[in-house]
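Undergrad: Questions regarding the structure given below will be posed in turn.
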Amino acid sequence: MPPRPNSAHLSPEQRAFFEENGYLLVKGALDAAQVERFTRVADETIERQREAEGLGKGEHVQSRNAIHKNHALLELLDWSATFPLVAELMGPALQLNTSHVLYRPPQPQGTAGTYKAIDWHRDGCREVMAVNGQYPWIYTKIGYFLTDLSAPDRGNLRVVPGSHRDAHSLKRGVNGDPEGAIQILSEPGDAVLFQQRLWHAVGPNFAAHARKNIYMGYCFRWLKPIDYLLPDPALLAKATPVQRQLLGEMRSECSFWLPKEDEVPLRDWLKEHQAAAV
């Protein structure tokens, strides 16, 4: 499957920034029409989750394993403005390990500015051990932000740049944030890539509107996914060869550790993609 015509390429500056800071902001990953379309998909997914859990309109909602709950998210699995950057950073031996849709309503009046919707943490398995003062890099998330987070305290993703390179815990300041923490300001359609070992959190949403976003996470294919065991056959039937790899299609016992050439179509795709950048 040849690269898409407008597939993104990682610039040397982007690679250096990501390696130094552990995250990367991609402006305009979705255009206005795409933001509108995926907002509808997110709203539909959230409403299903809200009904399943009996949640009220003003409550936080998270739909995990979202791609299997709403197949309309399949298109984002290898989105041409973002996923090629992950493939260039991590190589072709990848699969999806998590997908979720989030809805964070405005905070109730009187909420403290130090409130954390999700406190400071690294993602990933607690059993992963540090080696030489660093945790291994095992997966990368892409967050697609659908609402206006161009000002602070709108439920923005907070990160500590460079914290992916140090396995030690971070000291909190008087406001509950570690030293060096920042809020990522983004506009509807922007995306953020970040490593699982980067310290991150979500603060309060003091905007008048809810924060809505979609996460897609990618790990090395010899790891187990976080929120599903086997891909939905109905979803695989809709997928391209590269998407089937990313969904964790297994054709033999050794598909993940010792795959045959045709079991890793992303390898040939990535070669052609990188050759097109020369």
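The values are calculated or read from the model by the stated rules, or taken from the named source; none is laboratory data. Since the model is a prediction, treat every value here as computed from it, not as a measurement. Cβ atoms come from the backbone with ideal geometry, glycine included; neighbour counts cover every protein chain shown.
Undergrad: Quick one: is GLY162 within 26 Å of SER7 (Cα to Cα) and surrounded by fewer than 17 Cβ atoms within 10 Å (Cβ to Cβ)?
TA: Numbers: within 26 Å of SER7 (Cα to Cα): no; surrounded by fewer than 17 Cβ atoms within 10 Å (Cβ to Cβ): yes.
The answer is no for GLY162.
Undergrad: Let me ask you something else. Which members of segment 51-109 meet the condition of being of a type in the set (Ser, Thr, Tyr) and in contact with a Lys or Arg (Cβ under 8 Å, 6 or more places away or on another chain)?
TA: Restricting attention to segment 51-109, the residues satisfying the condition of being of a type in the set (Ser, Thr, Tyr) are 63, 80, 82, 98-99, 103.
Hits for segment 51-109 are SER63, SER80, THR98, SER99, TYR103.
Undergrad: Which fully enclosed strands (runs of 3 or more DSSP E) of segment 68-152 have 3 or more residues being of a type outside the set (A, V, I, L, M, F, W, C)? Steps first, answer last, please.
TA: Details: elements: 94-104, 118-121, 139-145.
Strands (runs of 3 or more DSSP E) meeting the threshold: 94-104, 139-145.
Undergrad: Could you say which residue among GLY124, GLY143, GLY113, GLY217 is exposed (fewer than 15 other Cβ atoms within 10 Å of the Cβ) and either of a type in the set (Gly, Ala, Ser) or within 21 Å of the chain's Cα centre (by Cα) (or both)?
TA: Values: GLY124 fails: exposed (fewer than 15 other Cβ atoms within 10 Å of the Cβ); GLY143 fails: exposed (fewer than 15 other Cβ atoms within 10 Å of the Cβ); GLY217 fails: exposed (fewer than 15 other Cβ atoms within 10 Å of the Cβ).
Only one candidate qualifies: GLY113.
Undergrad: Mind listing whichever residues of segment 135-186 are more than 22 Å from HIS100 (Cβ to Cβ), of a type in the set (Asp, Glu) and in contact (Cβ under 8 Å) with a residue 24 or more places away in the chain?
TA: Scanning segment 135-186 gives ASP153, ASP166, ASP177.
Undergrad: I'd like to check something: does segment 62-77 contain any residue that is in contact with a helix residue (DSSP H, G or I) (Cβ under 9 Å, 6 or more places away or on another chain), closer than 19 Å to SER186 by Cβ, in contact (Cβ under 8 Å) with a residue 12 or more places away in the chain and of a type in the set (A, V, I, L, M, F, W, C)?
TA: yes
Undergrad: Let me ask something else about it. Residues HIS273, HIS200: which one is within 30 Å of GLN107 (Cα to Cα), touching a residue at least 24 places away in the same chain (Cβ under 8 Å) and surrounded by 13 or more Cβ atoms within 10 Å (Cβ to Cβ)? Can you show your working first?
TA: Details: HIS273 fails: within 30 Å of GLN107 (Cα to Cα).
Of HIS273, HIS200, the one residue that is within 30 Å of GLN107 (Cα to Cα), touching a residue at least 24 places away in the same chain (Cβ under 8 Å) and surrounded by 13 or more Cβ atoms within 10 Å (Cβ to Cβ) is HIS200.
Undergrad: So, one more: Could you identify the single residue in PRO92, PRO105, PRO152 that is surrounded by fewer than 22 Cβ atoms within 10 Å (Cβ to Cβ), within 21 Å of LYS69 (Cβ to Cβ) and either at pLDDT 95 or above or polar (S, T, N, Q) (or both)? Give the steps one after another, and end with the answer.
TA: On the way: PRO92 fails: within 21 Å of LYS69 (Cβ to Cβ); PRO152 fails: within 21 Å of LYS69 (Cβ to Cβ).
Selected residue: PRO105, the only one of PRO92, PRO105, PRO152 that is surrounded by fewer than 22 Cβ atoms within 10 Å (Cβ to Cβ), within 21 Å of LYS69 (Cβ to Cβ) and either at pLDDT 95 or above or polar (S, T, N, Q) (or both).
Undergrad: I'm told TYR218 meets every condition in (1) at pLDDT below 95; (2) of a type in the set (Phe, Trp, Tyr); (3) in contact with a Ser or Thr (Cβ under 8 Å, 6 or more places away or on another chain) except one. Can you identify the failing condition by its number?
TA: Of (1) at pLDDT below 95; (2) of a type in the set (Phe, Trp, Tyr); (3) in contact with a Ser or Thr (Cβ under 8 Å, 6 or more places away or on another chain), only one is false for TYR218: (1).
Undergrad: So, of the residues in segment 225-278 that are aromatic (Phe, Trp, Tyr) and out of contact with any helix residue (DSSP H, G or I) (no Cβ under 7 Å at 6 or more places or on another chain), which turns out to be farthest from ALA81 (Cα to Cα)? Spell out how you get there, then give the answer.
TA: Quick first cut of segment 225-278, residues aromatic (Phe, Trp, Tyr) only: 228, 256-257, 269.
Going one step further and asking which of them are out of contact with any helix residue (DSSP H, G or I) (no Cβ under 7 Å at 6 or more places or on another chain), we end up with 256-257.
Values: PHE256: 26, TRP257: 29 Å.
So, considering only residues that are aromatic (Phe, Trp, Tyr) and out of contact with any helix residue (DSSP H, G or I) (no Cβ under 7 Å at 6 or more places or on another chain), the one farthest from ALA81 (Cα to Cα) is TRP257.
Undergrad: Do you know which residues across segment 11-58 are outside any helix (DSSP H, G or I) and among the small types (Gly, Ala, Ser)? Please lay out each step first, then the result.
TA: Initial filter on segment 11-58 (outside any helix (DSSP H, G or I)): 11, 22-31, 54-58.
Answer for segment 11-58, where residues must be outside any helix (DSSP H, G or I) and among the small types (Gly, Ala, Ser): SER11, GLY22, GLY28, ALA29, GLY54, GLY56, GLY58.
Undergrad: Another question about this same structure. Taking GLY176 and the conditions (1) part of a strand (DSSP E or B); (2) more than 30 Å from ALA16 (Cβ to Cβ), which numbered condition does it fall short on, given that it satisfies the others?
TA: Result: GLY176 fails condition (1) only.
Undergrad: PRO12: at negative phi and either at pLDDT below 95 or aliphatic (A, V, I, L, M) (or both), yes or no?
TA: Values: at negative phi: yes; either at pLDDT below 95 or aliphatic (A, V, I, L, M) (or both): no.
No.
Undergrad: Please find, within segment 165-180, the residue that is farthest from TRP79 (Cα to Cα) out of those that are modelled with pLDDT of 90 or more and in contact with a helix residue (DSSP H, G or I) (Cβ under 9 Å, 6 or more places away or on another chain). Walk me through it before giving the result.
TA: Initially, segment 165-180 is screened for residues modelled with pLDDT of 90 or more, giving 165-167, 177-180.
Subset that is in contact with a helix residue (DSSP H, G or I) (Cβ under 9 Å, 6 or more places away or on another chain): 165, 178, 180.
Details: ARG165: 28, PRO178: 33, GLY180: 31 Å.
Selected residue: PRO178.
Undergrad: Now for a separate question. Condition first: of a type in the set (S, T, N, Q), crowded, with 16+ Cβ neighbours inside 10 Å and in contact (Cβ under 8 Å) with a residue 60 or more places away in the chain. Now tell me which residues in segment 1-55 satisfy that.
TA: Within segment 1-55, the first condition is being of a type in the set (S, T, N, Q), and the residues that meet it are 6-7, 11, 14, 21, 34, 39, 45, 49.
Then drop every residue that is not crowded, with 16+ Cβ neighbours inside 10 Å, which leaves 7, 14, 21, 34, 39, 45, 49.
The answer is SER7, GLN14, ASN21, GLN34, THR39.
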